[in-house]
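Student: Pasting a structure here, questions to come.
Any read-out appearing in this document is the output of simple, stated calculations on the displayed coordinates, not a laboratory observation. In this text the structure is predicted, and so the values were computed from the model without any measurement. Glycine gets a Cβ as well: all are built from the backbone with ideal geometry, and neighbour counts include every protein chain shown.
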Amino acid sequence: MDNLLNAVVLLLNFLVVPALAYGSQLALGALGVTLIYGVLRFSNFAHGETMSFGAMFCILFTWLLQSWGVTLGPLPTALLALPFAIIATALFVLATDWLVYDYYRVKKASSLIFLIASVGVMFIMNGLVRFIIGPEDRNFADGARFVFTARDFKEWSGLAEGLALRSTQLITIVTAIVIVAALFWFLNRTRTGKSMRAYSDNEDLALLSGIDPGHVVRIAWILAAALATIAGVLYGLDKSYKPFTFLQLLLPIFAAAIVGGVGSPVGAIAGGFVVAFSEIGLTFAYKKFLAYLLPAALVPDGLVQLLSTEYKFAVSFVILVVVLLIKPTGLFSGKTL
Amino acid sequence: MTETNRPVLLFAAMALLFVATAAIIGLNSALFALNFCLISAIMALGVNIQWGYAGLFNVGVMGFAATGGLTAVLVSYPPVAEAWAAGGGGILISGLLTLVTIAACILAYRRMPRGLVRNWALAAIILVGLFVIRYFYDPAVEAIEAVNPATSGFLGGLGMPILFSWALGGVVAAGIAWVIGKISLGLRSDYLAIATLGISEIIIAMLKNEDWLNRGVKNVIGLPRPVPYEIDLQQTEWFINLANSLGINPVDFSSIYVKLCYALLFAAVLLIVLYLSEKAIHSPWGRMMRAIRDNEVSANAMGKDVTRRHLQVFVLGSAVIGIAGAMLTTLDGQFTPTAYQPLRYTFLIWVMVIVGGSGNNWGSVLGGFLVGFFWLQAEPLGIWLMQVITAGMAPDNPLRVHLIDSGAHMRLIVMGLILLLVLRFSPRGLIPERTSRAH
């Protein structure tokens, strides 16, 4: 019985909890991609860099607050800086819309032109981030490190395996739930949210009903910037902030959005968790887990790791390929919000 | 300036730039820039085939170029007999088993009825296959990497002349492009972009981690050359005589001579690719491609198989990129996976095509030369610019130090700006595509 419990705790500690946190971050990122796709009809390649940009602003504001001696006690100061970072990122994103995308929208350019423009924006943002904060690794999580440590858990339960919950993991999951609930309330209950859904569903009909397209587009960018900033900050708190990781995060985020069905918010969330659990599940070494469950003679020699961790992206890519082959519209097939 | 004069003038200006570089900085660095530009121009032609002819957006140029580079290593490097003896068999068996697993998956997918049973069967085949493959693969890799890890530790190549790899690099890149295209073409247009982004990241991750294949980040150096070595030339009699009669120091002349040989080889390839591209675009096939690009629906209604044509043109363009990738590795004489950065290998090539004029082969070549040339000069220029801007500040001023250190990141911003500005204000590029209405 103890062995079974130990095995379960092992999985919880190294697979389920990290995957829940990572999945929440991906889901928030994918929601932003899906929102922009639903309203503006293009895949925004600059979304990863928007996350990076938001996280950078958050770090700068955190440093400012810390230099004033303001902290949040056990919680990271970054949470206090987050609203300011969201405002700064949203302003920047609105500026890019005004300077870059607005022209093509008026011209009714093809979605591919938007996509290329977004690649241009991506590189400019990437350059700005490296220019402002530099390419180094930044760790900006302060406050309490753990909600409970592996040692606490072992003493409490008397098991050989420990279960730790880092405060950043708990914050990630709780924030993601709150944000997603707020987003769904906004899309389904408020007038602006409903007009966004209408616009995404049928642009011409929405225009005929007197919906202001400029307003809808602006709200979509602000929401995308907010989601991206939150996702970027949570990712940075949970791991650490490195400017170059965000280009690599683009692939799992797109995979999550496509798995769920681009344009579908529920799909984006489901997709985020599908990608996170597959990525961590396939790169997890199951040897110790099997050792708890199997008789000693049957335990394999190797690590029982299906894929080495360097090929994390390959997992998102394979998921992407499978979805494109079998169900290109995604799990929650939909083009509308 | 008339339509026909414009390209001639632009190319003349480009030639003048090289002459000026040769006169001011030296012939050696002018030739270095020329070789870089020749290869860039071929890559730009490849992207132009995809984007200019068919409107396909490939974000994975880097992956195809790296594939070409890997082919250069695998073709030219002499085989490491010890490593083959240690683990060659294991690698071959696991390769064979991979094929068997894939075949079993396809067979199960085709033969079994749709449903939950088939999905579980597929998952089981993949899982069992993965474990069996790794049973042979892991010890083989360990054995290979244990053979002289400091100098080799990989299987080596075929030991054939490196020139073969140029053609073969194109073939391998075309094969990868076929798989990617087969999966993502015919769906929404941005799926190709996302899929190519993914495959290029995976190719680079593989090149960095599969040490048995190409030594990973330890790099393969000393690839054989298609041209003579400087050191040999300096000891050859006719060469010393030639250098003396030209009045140049034999040591300097040997370096110039080698670069000239490369330039001739690259120019020959460029001319062949350019000739074929021009022939293709002015043929009925080229008109069909443009018709598909400009209006997919009506081309489809005329009975053109849009998805198949897209696949064809995507494969062709990727093959050209693969050829250029193999040539670049040949020029470098070494293979360094960490050198493959999306900015340099994907994005720069895109800027070349868009600045030069998408849809026009001459435009892409000009773009390759012009953007390639300024890319090489940008770093010294950027550092110089930063030093001028900050000249008034104290040498240890933190802002000055930061600005000078960040000079290199300016490239990202400048390239992004060029792309956005050209896309907006001059979307047809320097040498616009010639449509029948224009003349």
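Student: For a quick check of your reading of the filter: which trypsin sites (Lys or Arg not before Pro) in segment B:38-144 sit in a DSSP loop and have no more than 13 other Cβ atoms within 10 Å?
Tutor: Within segment B:38-144, the qualifying trypsin sites (Lys or Arg not before Pro) (loop, at most 13 other Cβ atoms within 10 Å) are B:R114.
Student: Output the direction-averaged projected area (hull surface divided by four) of the convex hull of the alpha-carbon atoms of segment A:188-337, in nm².
Tutor: Hull-based average projected area comes out at 12.3 nm².
Student: Could you work out the relative contact order of segment B:80-155, using alpha carbon pairs under 8 angstrom and six or more residues apart, expressed as a whole percent?
Tutor: Reported relative contact order: 54 percent.
Student: Can you tell me the dipole magnitude for chain B around its Cα centre, using point charges on the Cβ only (Lys, Arg +1; Asp, Glu -1), in Debye to the nearest 20?
Tutor: 1800
Student: Could you give me the ³J(HN,Hα) list for segment B:324-332, computed from phi with Karplus coefficients 6.51, -1.76, 1.60 and θ = phi - 60°, whole Hz, x at Gly and Pro?
Tutor: Result, ordered by residue: 5, x, 5, 5, 5, 5, 4, 5, 5 Hz.
Student: About its Cα centre, how strong a charge dipole does segment B:80-155 have in debye, to the nearest 20, once Lys and Arg get +1 and Asp and Glu get -1 at the Cβ?
Tutor: Roughly 720 debye for segment B:80-155.
Student: Mind checking which of A:I87, A:Y103, A:N6 is farthest towards the positive end of segment A:1-132's charge dipole, using Cβ charges of +1 (Lys, Arg) and -1 (Asp, Glu) about the Cα centre?
Tutor: The listed residue farthest towards the positive side: A:Y103.
Student: Continuing with this model, one more query. Out of B:L270, A:L223, B:F64, whose Cα points farthest toward the positive end of the dipole of the protein assembly as shown (charges: +1 Lys, Arg; -1 Asp, Glu; placed on Cβ)?
Tutor: Farthest towards the positive pole: A:L223.
Student: OK, next. Taking H placed 1.01 Å from N in the peptide plane, check which residues at least 5 places from A:A144 or on another chain put their amide H under 5 Å from its amide H.
Tutor: For A:A144, the qualifying residues are A:L75.
Student: Turning to a different aspect of this structure: Two decimals is fine: what's Rg over Rh for segment B:115-190, C-alpha atoms, Kirkwood radius as Rh?
Tutor: For segment B:115-190, the value is 1.14.
Student: Please identify, among B:L421, B:L31, B:L197, the residue showing maximal mean-square fluctuation in a Gaussian network model of chain B using a 10 angstrom Cα cutoff.
Tutor: Among B:L421, B:L31, B:L197, the largest mean-square fluctuation in the Gaussian network model of chain B belongs to B:L421.
Student: So which trypsin sites (Lys or Arg not before Pro) in segment A:103-192 are both in a DSSP loop and have at most 14 other Cβ atoms within 10 Å of their Cβ?
Tutor: A:K108, A:R145
Student: Among the lysines in chain A, how many pairs, 8 or more places apart or on different chains, have alpha carbons under 18 Å apart?
Tutor: Final tally of qualifying lysine pairs is 5.
Student: Let me ask something additional. How large is the helix-only mean residue ellipticity at 222 nm for chain B, computed as the sum of -39500 (n - 2.57) over DSSP H runs with n ≥ 4, divided by its residue count, in deg cm²/dmol to the nearest 500?
Tutor: Here the helix-only value at 222 nm equals -24500 deg cm²/dmol.
Student: Now, a different point. What value in Å³ per residue do you get for the convex hull of the alpha-carbon atoms in segment A:2-245?
Tutor: 147
Student: What are the chymotrypsin sites (Phe, Trp or Tyr not before Pro) within segment A:18-114 that DSSP puts in a loop, where the Cβ has at most 14 other Cβ atoms within 10 Å?
Tutor: Here the sparse-neighbourhood loop sites are A:W68.
Student: So what are the three principal axis dimensions of chain B from its Cα atoms, in whole Å, longest to shortest?
Tutor: Result for chain B: principal-axis Cα extents of 73, 61, 55 Å.
Student: How big is segment B:80-155 on each of its three principal axes, counting only the C-alpha atoms and giving the largest first in Å?
Tutor: 52, 15, 14
Student: Just want the answer: with Cβ charges of +1 for Lys and Arg and -1 for Asp and Glu, which residue in A:I124, A:W156, B:A22 is farthest toward the dipole's positive end in the protein assembly as shown?
Tutor: A:I124
Student: Under Stokes-Einstein, with the Kirkwood radius over Cα pairs standing in for Rh, what whole-number D in µm²/s applies to segment B:67-215 at 4 °C and 1.567 mPa s?
Tutor: 74
Student: What spacing in nm lies between the two simple spin-label points modelled at B:I24 and B:N119, each 7 Å away from Cα in the Cβ direction?
Tutor: Going by the 7 Å Cα→Cβ label model, 6.5 nm.
Student: Across 10 Å bins from the origin, how do the percents of Cα pairs in segment B:209-267 run, short distances first?
Tutor: 21, 36, 22, 15, 6, 0
Student: Cα to Cα, under 16 Å, and not fewer than 8 places away if on the same chain: which aspartates and glutamates meet these conditions relative to B:K182?
Tutor: B:D190, B:D305
Student: Let me ask something else. For the protein assembly as shown, what is the Kirkwood estimate of the hydrodynamic radius, computed as the reciprocal of the mean inverse distance between distinct Cα atoms, to one decimal in Å?
Tutor: 28.6
Student: When every alpha-carbon pair in segment B:1-108 is counted, what percent end up more than 20 Å apart?
Tutor: Considering segment B:1-108, 70 percent of its Cα-Cα pairs are separated by more than 20 Å.
Student: Report, in deg cm²/dmol and to the nearest 500, the calculated mean residue ellipticity at 222 nm for chain A, where each DSSP H run with n ≥ 4 adds -39500 (n - 2.57) and the sum is divided by the residue count.
Tutor: Computed mean residue ellipticity for chain A: -23000 deg cm²/dmol.
Student: On a straight-distance basis, which aspartates and glutamates could pair with B:K218 in a cross-link, Cα separation under 13 angstrom, same-chain partners fewer than 8 positions away excluded?
Tutor: B:E145, B:E210
Student: Return A:V262, A:V299 ranked ascending by Cβ neighbour count within 10 Å, so the fewest neighbours appear first.
Tutor: Neighbour counts put them in this order, fewest first: A:V299, A:V262.
Student: Once the other residues with Cβ under 15 Å from the Cβ of B:I272 are scored (Lys, Arg +1; Asp, Glu -1), what is the net sum?
Tutor: Neighbour charge sum, excluding B:I272 itself: 0.
Student: Right, here's the next one. What percent do you get for the relative contact order of chain A when only Cα pairs under 8 Å and 6+ apart count?
Tutor: Here the relative contact order equals 32 percent.
Student: What is the dipole size for the protein assembly as shown, taken about its Cα centre, with +1 at each Lys and Arg Cβ and -1 at each Asp and Glu Cβ, in debye to the nearest 20?
Tutor: Charge dipole, the protein assembly as shown, about its Cα centre: 2220 debye, nearest 20.
Student: Moving on. For chain B, set up a Gaussian network in which alpha carbons nearer than 10 Å are linked by springs, and say which option among B:V61, B:V251, B:V351 fluctuates the most.
Tutor: B:V251
Student: While we're here: Apply the Karplus curve 6.51 cos²θ - 1.76 cosθ + 1.60, θ = phi - 60°, to the phi angles in segment B:134-145 and return the couplings in whole Hz, x for Gly and Pro.
Tutor: 5, 4, 8, 6, 4, x, 4, 4, 4, 5, 5, 6
Student: Quick one: compute the contact order of chain B, relative version, from alpha carbon pairs under 8 angstrom and 6+ residues apart, as a percent.
Tutor: 30
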